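Let me begin by presenting the structure, written as structure tokens, before commenting on it.
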2 protein chains.
Amino acid sequence: MILEDTITDLAVKAKRGSFSLMSVSSEKKNRVLLNVARLLLEKKDFIQEENKKDIDSGKKAGLSAAMLDRLTLTDDVIDSMVSGLKEICALPDPVGKIDSLVKRPNGLMVGRMSVPLGVVAMIYESRPNVTIDAAALCLKAGNAVILRGGSEAINSNIALATILQTALDSQQIDTNVVQVIPVTDRQAVNHLLTLEDQIDLVIPRGGEGLIRFVTKNSNIPVLKHYKGVCHIYVDKDADLEKAVPVIINSKTDRPGVCNALEGLLIHKDIAGEFLPVIAEELNRKHVEMLGCRKSAAISSLVKTASEDNWGTEFLDLILCIKVVDNFEGAKDYIRQYSSQHTESILTENYTTAQRFVAEIDASAVMVNASTRFNDGGQLGLGAEIGISTTKLHAYGPMGLKELTTRKFVVYGQGQVRN
Amino acid sequence: MILEDTITDLAVKAKRGSFSLMSVSSEKKNRVLLNVARLLLEKKDFIQEENKKDIDSGKKAGLSAAMLDRLTLTDDVIDSMVSGLKEICALPDPVGKIDSLVKRPNGLMVGRMSVPLGVVAMIYESRPNVTIDAAALCLKAGNAVILRGGSEAINSNIALATILQTALDSQQIDTNVVQVIPVTDRQAVNHLLTLEDQIDLVIPRGGEGLIRFVTKNSNIPVLKHYKGVCHIYVDKDADLEKAVPVIINSKTDRPGVCNALEGLLIHKDIAGEFLPVIAEELNRKHVEMLGCRKSAAISSLVKTASEDNWGTEFLDLILCIKVVDNFEGAKDYIRQYSSQHTESILTENYTTAQRFVAEIDASAVMVNASTRFNDGGQLGLGAEIGISTTKLHAYGPMGLKELTTRKFVVYGQGQVRN
């Protein structure tokens, strides 16, 4: 069978499997997840042997230490997969929920029921633990899932898929609901992205290159975020004592993640007082500061930024700093450079806070809080499958609910339309 | 300026305009809509003169009578545009609403606020009234709109856009929030569909060809429905007296629209009794019936269908009829041929009804009701901008709410993440 046919066949099977999932009970889905958790521990040796094949090939192929690190399924990584599964198991099943039924003038009862999307394709890089996390979230939301991990993790991913399928089989669920693309050709992805009759959603997770490639080539809806260029605006009415820990936490808690702070905007009226203080604290945390001329003039710890520093996702201990004239100046800057991920204002002024919340366009808009809170777990969604910075379907962290859609349900008594 | 630059420029202006719309009050938006309504009547002569240019060119180009009919802005069509505007005006403003704020363990207050999508591009055929309907809905939801109507309606659309912009100007709103593509080249659409940094959503309305073209070529999320192949399943436990008017209404009320009935499934246990009755009634309404061998054997009014009749969107007084063995048979048929638009069951059996609601995948699933109710107005959404049969973001009729998204809002008191 040629490659395209193999991929189509696998997607058709996933679609068919997804129908059977529609009527699987929550208890049964949860039993599958707990079985996966158990099997991950029981089959740890097998998983790590398969993983070692990938690591060895990776070393030969000259993967960077960081890449090899992300690829490695240590005991700790496996333990965190297990606890992730237990968390997902504990979340309420989103499927079948009807928030309200409204009675229309003609007596029809109309509501919207949460239902699975159908088939979700995950296209991701490096980390094989995504295989388990993504499959578990998709299954809990009643979706079949097609997994296409990085070619460097192919043996690990196939091993993990075997475990998923064993767990499904133990509950008499069609094992076709979890599919792993068994080949590493780019061509397979190209073809996958054309199968709009079989696949309902594509979620790419990885570098901006991968995400742009998927978006450009997909006929299927895509949920994605390109990058996280998050800002904090310290207003003239900020409580400067609160401001320091929030900025330090946003920038230095985990500088390599998408909700880390990349740009700090400071109102000119307080810059003289506040900038030396925060620069000192950031410097103590080894943060390199690149600023506008005004900020560099106020603190010698701030180097002058070049034009292309603004709006950069450094993912490192580097921070852009700009002194702005007022709220409008901060808003203009954010509109120009924001990636619409997370934007936070520090202020005690009621009106300024409410204007920021209303007028700033980002998946999460915050007042007096660390940008690090833009995360499914922190915002109360439970486990997340990614953070969307595009606005269709989901804007911000995507949890179980975002892996469902809502259909209209109409209960009638023989009504006709006049 | 070359064409691509013109289109990009217009999209950039729309995006900038969309920011200013974020803080325009509901009162002001409503005043714009009422001004448009007033101007449509005041400038009726001008509109109809411009429309006549399109009709004359259309006649020369040999457009069909149906096409010319859809193109013509009669007094009645203008009146219905006016009443449409008043309806949209009366709907609650979706923007700025936060359904609930939840308190997290660390004291953060977290909610989701409805906000405009930004810029919506409408790509549609023939009917110039869509220009007003679509622009009004987009504006009410706080979105800028880029309108690309059919080339055959270019003069009408430009005239209507002038009216929209006059009304915006009268309320000191940036007129860039309504853009009409002033050229008819296909190339303009091709380029438009690449502008993902400026445009947040594309809605194509028209034939399947247009919709497939847009889906294939767009980097921007697309909301669409390809076609409406709607079914009614008459269960063995149906109340056959209720069944007749529901089927007749579904099929004959407006056979040319997407929620009209195209396929009738009848449980074998009642086919002998019911099929002759319904065939008689359908025949009286001049409906041509194409059926399986069993149905043709039961009623001589039913002709034998060919394989390619199943799943066809006739948009005409033609109906496919099939006798099925049981609920599973109906479900399998619907899964194979449904366009996921509207599916209805007629039954008095509680369990069968609930299974149909849970297990059938369509944007609207109904019990004992005409398929004609799948419509924004009928389901209580108010005016609609289309019906989505894909599952991302919207599934079913799309009203004002579907023209917004929800961002996370976080009110803190200086919290940091541990």
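Pairs of Cα atoms under 8 Å, at least six residues apart: use those to get the relative contact order of segment A:329-415, whole percent. Dividing the mean separation by the residue count of segment A:329-415 yields 22 percent.
Close amide H contacts of A:Ile321 (hydrogens built in the peptide plane, cut-off under 5 Å, sequence separation of 5 or more or a different chain): A:Leu264, A:Leu290, A:Gly291, A:Cys292. For segment B:213-254 versus segment A:172-228, the spacing of their alpha-carbon centroids is 30 Å.
What share of the DSSP beta bridges in segment A:239-338 is antiparallel, in percent to the nearest 5?
On the way: 0 of 12 bridges.
Roughly 0 percent of the DSSP beta bridges within segment A:239-338 come out antiparallel.
Distances between copies of B:Glu4, taken at a point 7 Å out from Cα along the Cα→Cβ vector and listed shortest first: 2.8 nm. Net charge in the neighbourhood of A:His267 (other residues with Cβ under 9 Å of its Cβ; Lys, Arg +1, Asp, Glu -1) is -2. Can you pick out the pairs among A:Lys216/B:Lys391; A:Lys86/A:Lys407; A:Lys59/A:Lys303; B:Lys52/B:Lys401 whose Cα atoms lie more than 31 Å from each other? Over 31 Å apart, Cα to Cα: A:Lys59/A:Lys303; B:Lys52/B:Lys401. Among B:Ser295, B:Ser156, B:Ser306, the residue with the largest mean-square fluctuation in a Gaussian network model of chain B, with springs joining Cα atoms closer than 10 Å, is B:Ser306. Per-residue shielding of A:329-342, expressed as the average number of other chain Cβ atoms within 10 Å of the residue Cβ, stands at 1. Taking Cα centroids, how far is segment A:35-113 from segment B:91-153 in Å? Here the answer is 34 Å between Cα centres. Across the identical copies, the label point of B:Glu288 (7 Å from Cα in the Cβ direction) is separated from its matches by 7.5 nm, in order from shortest. Computed from phi, the 3J(HN,Hα) profile of segment A:369-380 under the Karplus parametrisation 6.51, -1.76, 1.60 (θ = phi - 60°) reads 8, 5, 4, 4, 6, 7, 6, x, x, 5, 8, x Hz, with x in place of Gly and Pro.
What shape does segment A:3-188 have by the C-alpha gyration tensor, where a ≥ b ≥ c are the square roots of the eigenvalues, rounded means a/c under 1.5, and otherwise prolate means a/b greater than b/c and oblate the rest?
Prolate shape, in that a/c is at least 1.5 and a/b is the bigger ratio.
Please sort through the DSSP H helices of chain A and keep those with an alpha-carbon extent of at least 20 Å along the long axis and a Kyte-Doolittle average not below 0.5. Write out the running numbers ahead of the final one.
Values: long enough: A:3-21 (27 Å, 0.02); A:26-42 (24 Å, -0.14); A:44-60 (24 Å, -1.96); A:75-90 (23 Å, 0.47); A:154-170 (24 Å, 0.78); A:268-284 (25 Å, -0.04).
Span-like helices here: A:154-170.
A cut-off of 5 Å between modelled amide H atoms, ignoring neighbours fewer than 5 places along the same chain, links B:Ile345 with B:Tyr233, B:Met366, B:Val367, B:Asn368, B:Ala369. In terms of other Cβ atoms within 10 Å, A:His393, A:His231, B:His267, A:His286 run from fewest to most in the order A:His286, A:His393, B:His267, A:His231. Relative contact order for segment B:284-351: 31 percent, from Cα pairs under 8 Å spaced at least 6 residues apart, divided by residue count.
Taking the Cα centre as origin and putting +1 on Lys and Arg beta-carbons and -1 on Asp and Glu beta-carbons, what dipole magnitude results for the protein assembly as shown, to the nearest 20 debye?
Details: 96 positive and 104 negative charges, 110 e Å.
Around 520 debye, computed over the protein assembly as shown.
Nearest beta carbon of chain B to the B-to-A rotation axis, with distance in whole angstrom: B:His393, 2.
Each other copy places its own label point for A:Asp56 at 8.2 nm from this one, sorted shortest first, where the point lies 7 Å along the Cα-to-beta carbon line. In plain terms, the residue of A:Thr6, B:Thr404, A:Thr405 with the fewest other Cβ atoms within 10 Å comes first and the most crowded comes last, giving A:Thr6, B:Thr404, A:Thr405. Per residue of peptide A:397-410, the mean number of Cβ atoms on other chains within 10 Å of the residue Cβ is 5.
Count, for each residue of B:107-117, the Cβ atoms from other chains sitting within 10 Å of its Cβ, then give me the mean as a whole number.
Working: counts 1, 9, 2, 8, 2, 4, 3, 0, 8, 2, 4.
Other-chain Cβ atoms within 10 Å of each residue's Cβ, averaged: 4.
Entry note, chain B: the mean residue ellipticity at 222 nm calculated from DSSP H runs of n ≥ 4, each adding -39500 (n - 2.57), is -13500 deg cm²/dmol after division by the residues and rounding to the nearest 500.
Under the convention that each Lys and Arg Cβ holds +1 and each Asp and Glu Cβ holds -1, the size of the dipole of chain B around its Cα centre is about 1160 debye. Phi angles of segment B:175-183 translate, via the Karplus equation with coefficients 6.51, -1.76, 1.60 and θ = phi - 60°, into HN-Hα couplings of 5, 5, 6, 10, 10, 10, 5, x, 10 Hz per residue; Gly and Pro are given as x. The local environment of A:Arg31, defined by Cβ-Cβ distances under 14 Å, has a net charge of +2 under the rule Lys, Arg +1 and Asp, Glu -1.
What number comes out for the charge environment of B:Gln198, summing +1 per Lys or Arg and -1 per Asp or Glu over other residues with Cβ under 12 Å away?
On the way: positive: B:Lys13, B:Lys15, B:Arg16; negative: B:Asp9, B:Glu196, B:Asp197, B:Asp200.
Around B:Gln198, the charge tally is -1.
Coordinate-derived values only; no laboratory data. Quick caveat, the model's predicted, so the values are computed rather than measured. Please note: Cβ atoms are built from the backbone with ideal geometry, for glycine as well, and neighbour counts cover all protein chains shown.
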